[in-house]
């Protein structure tokens, strides 16, 4: 019985993580990609490229050095010309999903 409980819980956590990843990708596409996508001349990506000069990837989806707390901070507080996002724009649940998406191992 213990084995079936563990398998069930593992399945539930995997499904929830996948759902968060899908939600996080949707939030990124809606609110972040316009400035931070890898393709094209996106202003946020260009600014990060100038700032980091190839020490880390400029496109947010390619980075591996960000933590969920780091993402939450900049989304809620903004930085430079990036305005902060209110909870009426990106809810806390959506922000958690975005942070999970951007920090998920590939």
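Derivation of every value follows stated rules applied to the coordinates shown; laboratory data play no part. Just so we're clear, the structure is a prediction, and the values are computed from it rather than from any experiment. Positions of Cβ are generated from backbone atoms using ideal geometry, with glycine treated the same way; all protein chains shown enter the neighbour counts.
Observations, loosely collected:
- Any hit, the range 82-92, residues being in contact (Cβ under 8 Å) with a residue 40 or more places away in the chain, over 10 Å from the mean Cα position of the chain (by Cα) and surrounded by fewer than 16 Cβ atoms within 10 Å (Cβ to Cβ): yes
- Residues of the range 22-45 that turn out to be surrounded by 15 or more Cβ atoms within 10 Å (Cβ to Cβ) and either in contact (Cβ under 8 Å) with a residue 40 or more places away in the chain or not in a helix (DSSP H, G or I) (or both), as a count: 10
- Residues (under 20 Å from residue 95 (Cα atoms) and part of a helix (DSSP H, G or I)) located in the range 46-67: 60, 61, 62
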